[in-house]
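Worksheet: the structure to be examined is printed underneath.
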Amino acid sequence: MTSLITIENIEIKAGDKPILSVPRFELRQGEVLGVMGPNGAGKSTLLKTLALLAPPGRGSVFFQGQEVGDVLALEVRRKFAVALQQSLLLDTSVYHNIAIGLKLRNRSRKEIKEKVAYWLEVFKISHLSKKHAYHLSGGEAQRVNLARAMILEPEVLFLDEPFSALDFPTKVQLLKDMKQVVENTKTTTVFISHDLVEIKYFTQRLIILMDGEIKQSGPTAEVLSSPNEAAAGFIGEWSELLS
Amino acid sequence: MELLLQGLRKAIEMILSGDPVILEITWRTLKVSLTAIMISTLIGLPAGMMLGLIKFPGRKLILTLINIGMGLPPVVAGLWITLLLWRSGPLSDFELLYTPTAIIIAQTLVSLPIVTGLTATAFQQINEKLIMQIKALGATKIQLVLILLKESRLAILAGIIAGFGRVIAEVGAAMMVGGNISGETRILTTSIVMEVSKGNFDIALALSFILMTIAFLITFCLTYLQQRKRSQ
Amino acid sequence: MFKIKRAFAIMLIMLVALMAACSSSTGNDATKDEPKESGEVERTDIILATTTSTQDSGLLDVLIPMFEEQQPYNVKTVAVGTGQALEMGSRGEADALLVHAPDAEQELVDSEDVVNRQKIMYNDFIIVGPADDPAGIKDAAVAEALTKAFDAKATFVSRGDDSGTHKKELALWKEANLDPAENGSYVETGQGMGSSLQVAAEKKGYILTDRATYLAQKDNLGDFEIMVEGDESLLNIYHVMEVNAEKHEKVKKDGAKAFVEFMIAEDTKKTIADFGVEEYGEPLFFLFE
C-alpha cells in the first residue's frame, strides 16, 4: 500500500510539556486506521496535524509524497473531511448544514442539491432535510455531521470519537451504517476512539498513542491480542474485560 | 393627561402638515444617528472579532477598557470632543465644532465600545472546536469569518441595537458639540430639551413621539433581521 | 435560510449605505446654505455665543435671518449658560457675544478679551409666585419682599446654574443682606428658566425670572402671578460685543463687527421693540432712548 499522508519530525509542545513526538508516521492509501490511547495522549493533536488543522511545528507533512506548505494547505485540506465528537452544526437547516462544504467550494446549485439528497438518503435522514439543526436528537445530529463530511467525497476521513456521546442502540446502528459507507466508498479513514468494540469492528490497523508517542502499531487484531510492553498497561485491562 | 393628548395631537398635526422644520430635524437625526452606528459597526465588528478570536498580549486590558467605555457618559465624550475641536484645541483646523460631523464623532465614540465589546463577547464564546470544524470543511479565512459572523448574528445585532439605542437617545454630547444650532445641528433630542426649557411642552411631547416612533421602527427592523428564519 | 452570499450582500449594502451617508453628511456644508437663496456668495460661519434665555424668547429666530440676508455670514447661534458664554468669549471660542451680565462683561472688557461692547436692549426681571402669596410679598420693594419670603421660610426656587438670572438673584439677596442657602426651603434647580419656572409652579414657590420667559410660559404655570416688578434693580440689560481678534487669532473679526453693527442698526432696533407685541400684547424687550 502506498503512503497517502506522511508526517516527519513532529515535535509539538505546550510550554515545556511534550504533546506529540512522532519521528515518522505514514497513513496508507485505503486503510482504516484506529488510534487509541489514554486521555491527553495526543490523539487529537495527531489528528489535527494529519488533517492540516494545526501547524506541524518544525516537522513536515507530505500528501502523496509532496510536502504541504502554507500555499498548498487549503487545497489539500479540501481533500479531507473531519467529524468530531460534538456535531457542531451551524445555525441553519439540516439541508444547508450538509451542503456547506460544497458551497464553500463554489459548486453548482444543481450538484449540491443532488449530492445532499443522495447523502441524506445514505444516512437515512431525508425526512429531516428542512428541520433546523438545533432541533435534532443526538443521533440525528451526528448523522448530519457525518453526512456533512462524506458529501465532500474526501480522500481521507478523520473521525474523532464520533459515536462516543450516543446511547447504545443509536451507536450500534450508526456504527454499522458508517462502516458500510466507508467500505463502499473505500475512503481512507483515521478513527480515534476509546471504545475497543468500535475499534475492533471498524479498523484494520491500530496505533497506540501514549504520552505523545506511538508505542505500538500493527494490524488491529494483533495489537489488541498481544500488546507490547509499553502498550500493555493501556490495552491489557481492556482485553481482560472483553475476554 | 390633557397635556399628553395635546402633545399627541400636536405631533400628528406636525407630521401631517409636513412642517419642513420638523422634517428637517427628523431627517438630520436619522442621518446622524445611522451614520454613527454604521461607522461604529464597520469599526467595531472587525475589532470585536479580532479581540474575541485572537489572543495577544494586552488583550485583557483592551477588553477591560472597552467595557469601561460602554459606560462612557455621553456628556463626558462630548466634553472631550469639544476640547479637542475648540479653536484653541489640537483639531481646530478642521472647523468641526458645531457641525453634524461633530455629533457623528461623539455618537460614534459612545456607541463604538458597545458594538465592539458585545461583538468581542460573542466571538469569545465561540467554541474553538467549531472554528476547527469549519476550517476542516474547507473554508478559506474569509469564508470562516463570514460563517462565524452568521453564527454570531444574534449577539452582534444585539450589540448594534444597543449601540443604536444609545445613539438615538443621546442628548448631552449632541448639545455640547453640535450646539443645537437651528437648521444645522438641531436634532430631535436637543430640540426636545430646548422646547422643554422654553416651556413648550406640547411641541416637546410631539417631538418625543416622533423620536420614539423612529427609534421603534429602526429597532424593529434590526430585531426582525436578528430574529428572522427562526421560523424553520 | 441564510447563505454566505447573503451575508456578503448585507455587508455590501451596509458599506454602500455608509458611503452614501458619509457623502451626504460631508456634502452638508455645501448644502446647508441652499434653503436661503441659491446662487449666493460664499458664506463664512461665525459663532454667536448667547444665553438660553435669549434663545428661548425667540428673538434671535427673527434677527438672525435678517442679518444673514444682509450680510454674507452664516451665524451659528450657540445658546448656553451665561457663565459658559462668557468663558467662550474669553477663550476666543466665539466671535460675538450677546449676554446680560454687565458686571461679568466688564471684566472681559477690562481683560481685552472683548471689544466694541454695545448696549442693545433691556427687559426686566420680576419675582413671581403662587397667587395666594403665602409670604405676603406682593408689591413690596425687592429687598423687603426677599426678607419676607426668607422669614416665612417660603419656598424659593433658584436657577442655581451660574446664569445671568442666577447671578442677578444672588446679587439681590446680597443687597438684602441674606444668605438664602441658610433656608431649608431654598431650591436650586440647575436648569434653564423655563424648567425652573415649572419647578416653582409645582412647588408653589417664589422665583426670580425674566419677564419674557414668564410671559411665554404663563399659560403652563397655573395660578401664578407677578409679585414684584418695576424696581430699577430688576433691570436685565443686554449687551452685544465682538470677541477681540487681536487677542484671539481665530476670531472672525469682520463677521463679529458686522454682527455688532447690525444689532445697533435702526431697522434692527425697530424689530426688537416690536417683538412680542403681537403675541403677548406687550413687547418683550425695550430699547434705551
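At-a-glance table
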{"read-out": "Criterion (hydroxyl-bearing (Ser, Thr, Tyr), assigned to a helix (DSSP H, G or I) and more than 28 Å from B:VAL76 (Cβ to Cβ)) met by exactly one of B:THR219, B:THR189, B:THR223", "value": "B:THR223"}
{"read-out": "Filter result for the condition that a residue is basic (Lys, Arg) and within 19 Å of the chain's Cα centre (by Cα), over A:ARG77, A:ARG105, A:ARG58, A:ARG24", "value": "A:ARG77"}
{"read-out": "C:ILE264 being surrounded by fewer than 19 Cβ atoms within 10 Å (Cβ to Cβ), touching a strand residue (DSSP E or B) at 6+ places or on another chain (Cβ under 8 Å) and at pLDDT 90 or above", "value": "yes"}
{"read-out": "Counted residues, the range C:83-105 - those being more than 14 Å from chain B (Cβ to nearest Cβ) and either of a type outside the set (Gly, Ala, Ser) or in contact with a Pro (Cβ under 7 Å, 6 or more places away or on another chain) (or both)", "value": "8"}
{"read-out": "Flag for A:ALA54 being in contact with a Ser or Thr (Cβ under 9 Å, 6 or more places away or on another chain), within 11 Å of another protein chain (Cβ to nearest Cβ) and either in contact (Cβ under 8 Å) with a residue 40 or more places away in the chain or part of a helix (DSSP H, G or I) (or both)", "value": "yes"}
{"read-out": "Wholly within the range C:185-289, strands (runs of 3 or more DSSP E) carrying at least 2 residues that are over 21 Å from C:ALA131 (Cα atoms) and not aliphatic (A, V, I, L, M)", "value": "C:235-243"}
{"read-out": "Selected residue [farther than 30 Å from C:ALA201 by Cα, without any contact (Cβ under 8 Å) to a residue 12 or more places away in the chain and either touching a Gly at 6+ places or on another chain (Cβ under 8 Å) or not β-branched (Val, Ile, Thr) (or both)] from C:GLN71, C:GLN118, C:GLN106", "value": "C:GLN106"}
{"read-out": "Given (1) in contact with a helix residue (DSSP H, G or I) (Cβ under 8 Å, 6 or more places away or on another chain); (2) crowded, with 19+ Cβ neighbours inside 10 Å; (3) closer than 30 Å to C:LYS76 by Cα, index of the condition C:ARG117 fails", "value": "(2)"}
{"read-out": "Unique residue being more than 17 Å from the chain's Cα centre (by Cα) and under 25 Å from C:SER196 (Cβ atoms) when the list is B:ILE210, B:ILE181, B:ILE187", "value": "B:ILE181"}
{"read-out": "Failed criterion for B:MET175 (all others in (1) out of contact with any Leu (no Cβ under 9 Å at 6 or more places or on another chain); (2) more than 11 Å from chain C (Cβ to nearest Cβ) hold)", "value": "(2)"}
{"read-out": "Of all residues in the range A:59-68 being in contact with a Leu (Cβ under 9 Å, 6 or more places away or on another chain) and either in a loop (DSSP other than H, G, I, E, B) or among the acidic types (Asp, Glu) (or both), the one that is farthest from A:ILE5 (Cα to Cα)", "value": "A:VAL68"}
{"read-out": "Residue under evaluation C:HIS239, criteria (1) touching a Phe, Trp or Tyr at 6+ places or on another chain (Cβ under 6 Å); (2) modelled with pLDDT of 90 or more; (3) crowded, with 21+ Cβ neighbours inside 10 Å, criterion not met", "value": "(1)"}
{"read-out": "A:PRO169 vs. criteria at pLDDT below 95 and not in a loop (DSSP other than H, G, I, E, B)", "value": "yes"}
{"read-out": "Any hit, the range C:206-227, residues being without any contact (Cβ under 8 Å) to a residue 12 or more places away in the chain, at negative phi and under 20 Å from the mean Cα position of the chain (by Cα)", "value": "yes"}
{"read-out": "Of the criteria (1) more than 22 Å from C:ASN244 (Cβ to Cβ); (2) at pLDDT 90 or above; (3) within 12 Å of chain B (Cβ to nearest Cβ), which one C:GLN70 fails", "value": "(3)"}
{"read-out": "Condition broken by A:LYS124, with the remaining ones in (1) assigned to a loop (DSSP other than H, G, I, E, B); (2) out of contact with any Gly (no Cβ under 6 Å at 6 or more places or on another chain); (3) within 12 Å of chain B (Cβ to nearest Cβ) satisfied", "value": "(3)"}
{"read-out": "Members of the range A:69-90 that are outside any loop (DSSP other than H, G, I, E, B) and either surrounded by fewer than 17 Cβ atoms within 10 Å (Cβ to Cβ) or at the interface with another protein chain (Cβ under 9 Å from one of its Cβ atoms) (or both)", "value": "A:ASP70, A:VAL71, A:LEU72, A:ALA73, A:LEU74, A:GLU75, A:ARG77, A:PHE80, A:ALA81, A:VAL82, A:ALA83"}
{"read-out": "Selection status of A:LYS176, assigned by TED's automatic domain parsing to the domain that holds A:LEU47, basic (Lys, Arg) and not in a loop (DSSP other than H, G, I, E, B)", "value": "no"}
{"read-out": "Checklist (1) more than 12 Å from chain B (Cβ to nearest Cβ); (2) at negative phi; (3) crowded, with 17+ Cβ neighbours inside 10 Å applied to C:GLY184, failing item", "value": "(3)"}
{"read-out": "Among (1) surrounded by 12 or more Cβ atoms within 10 Å (Cβ to Cβ); (2) more than 11 Å from chain C (Cβ to nearest Cβ); (3) more than 29 Å from B:CYS221 (Cα to Cα), the one test that B:LYS55 misses", "value": "(1)"}
{"read-out": "B:GLN143 closer than 30 Å to A:GLU153 by Cβ, of a type in the set (S, T, N, Q), within 14 Å of chain C (Cβ to nearest Cβ) and not in a loop (DSSP other than H, G, I, E, B)", "value": "yes"}
{"read-out": "Identity of the residue in the range B:158-184, touching a strand residue (DSSP E or B) at 6+ places or on another chain (Cβ under 8 Å) and not charged (D, E, K, R), that ends up farthest from C:GLY190 (Cα to Cα)", "value": "B:SER182"}
{"read-out": "Criterion: out of contact with any helix residue (DSSP H, G or I) (no Cβ under 6 Å at 6 or more places or on another chain) and not in a helix (DSSP H, G or I) - qualifying residue of B:GLY183, B:GLY165, B:GLY138", "value": "B:GLY183"}
{"read-out": "Test result for B:ALA102, surrounded by 14 or more Cβ atoms within 10 Å (Cβ to Cβ) and either within 14 Å of chain C (Cβ to nearest Cβ) or under 27 Å from B:CYS221 (Cα atoms) (or both)", "value": "yes"}
{"read-out": "Hey, C:PRO35 closer than 14 Å to B:GLY183 by Cα, modelled with pLDDT of 50 or more and outside the structural domain of C:ARG211 (by TED's automatic domain parsing) or not", "value": "no"}
{"read-out": "Scan of the range B:192-203 for residues that are within 10 Å of chain C (Cβ to nearest Cβ), more than 19 Å from B:PRO73 (Cβ to Cβ) and assigned to a helix (DSSP H, G or I), ordered by number", "value": "B:MET194, B:GLU195, B:VAL196, B:SER197, B:LYS198, B:PHE201, B:ASP202"}
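Conditions tested, residue by residue: (1) modelled with pLDDT of 90 or more; (2) acidic (Asp, Glu); (3) more than 18 Å from B:VAL193 (Cα to Cα).
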| position | (1), (2), (3) |
| --- | --- |
| C:ALA154 | yes, no, yes |
| C:ASP161 | no, yes, no |
| C:LEU170 | yes, no, yes |
| C:GLN198 | no, no, no |
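The values are calculated or read from the model by the stated rules, or taken from the named source; none is laboratory data. None of these values were measured; they are calculated from a predicted model. All Cβ positions, even for glycine, are placed from backbone atoms using ideal geometry, and neighbour counts span all protein chains on display.
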